[in-house]
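See structure below.
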């Protein structure tokens, strides 16, 4: 199953837009998050020769501008697409999705969205001392799982624990996306990286809000099992 990086803070070449937030295309049909700017997202979609008509659904990890920013332009160009949110996303977000012709689909718990692709449903997190609802995406491939995260505000360890609760007999081959470790000390990041290894996470691709220093710690610990994530790249899971 192919993963294509449509938006991130780094790019494989200068012709692609890059910035804050992430957007990943799963199996040509599921868009996970939309980055900070719709014009940039649509330009990258065009440059990367993505057929927008093949995209069947959008998953939004959490209701922050750098993950929802591209959604509004996308919905103007793709009417009727399903948008998976958490029940506790803002009323403003939900209303705007429906006004632009999207079909709002609220995932309370683990939800199958296509084939072997699932969302975790709402996981409780905290941002600036306030409640935040976030979800991750899970890809099931035989006995292996890939977990895709937006920002991991609930904590990346908590997110992985949630996945393991729902898929107790499966190995986690790869976790990639935002790990939200910018404000963590080197000691804390090292503990988290080692905890993920202890939990059986075989490969990692931390990006976005993980922070450069934290990424380097993960690279030190995971070595050849560390995957750098950049706009324009594609890989198989």
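Between residue 77 and residue 144, what length in nm is gained on full extension when 0.36 nm per residue of separation is reduced by their alpha carbon distance? Write down the numbers at each step before the final one.
Numbers: separation 67, 0.36 × 67 = 24.12 nm, distance 3.44 nm.
Gain on extension, residue 77 to residue 144, equals 20.7 nm.
Please give the Cα centre distance for region 119-168 versus region 181-223, rounded to the nearest Å.
Going from one Cα centre to the other spans 16 Å.
Which residue fluctuates the most in the chain, going by a Gaussian network model with Cα springs under 10 Å, if the choices are 115, 69, 101?
Ranking 115, 69, 101 by mean-square fluctuation puts 115 first.
Which residue fluctuates the most in the chain, going by a Gaussian network model with Cα springs under 10 Å, if the choices are 112, 79, 140?
79
Quickly work out the residue 1-to-residue 47 label distance, labels modelled 7 Å from Cα along the C-beta direction, and quote it in nm with one decimal.
Taking the two extended label points, one gets 2.7 nm.
In degrees, nearest 10, range 0 to 90: what is the angle between the Cα axis of helix 212-222 and the longest Cα principal axis of the chain?
Relative to the chain, helix 212-222 is tipped by roughly 60 degrees.
Treating the angle as unsigned and between 0 and 90°, give the value, to the nearest 10°, between the Cα long axis of helix 156-166 and the longest Cα principal axis of the chain.
The helix 156-166 is inclined about 80 degrees to the chain.
Going 7 Å from the Cα of residue 39 toward and past its Cβ, which residues in region 54-89 have a backbone nitrogen under 17 Å from where you end up?
Answer for this model: 69-77.
Quick one: among 124, 163, 58, which has the greatest mean-square fluctuation in a GNM of the chain with alpha-carbon springs under 10 angstrom?
Sorting by GNM fluctuation, first place goes to 124.
Taking the chain as the reference, fit the longest principal axis to its C-alpha atoms, fit the long axis of helix 186-198 to the helix C-alpha atoms, and give the angle between the two in degrees, 0 to 90, nearest 10.
Approximately 90 degrees, to the nearest ten.
FYI, it's all coordinate maths here, none of it is from the lab. For clarity, every value in this text was computed on a predicted model and none was experimentally measured. Note: ideal-geometry Cβ built from the backbone for every residue, glycine included; neighbour counts use all protein chains shown.
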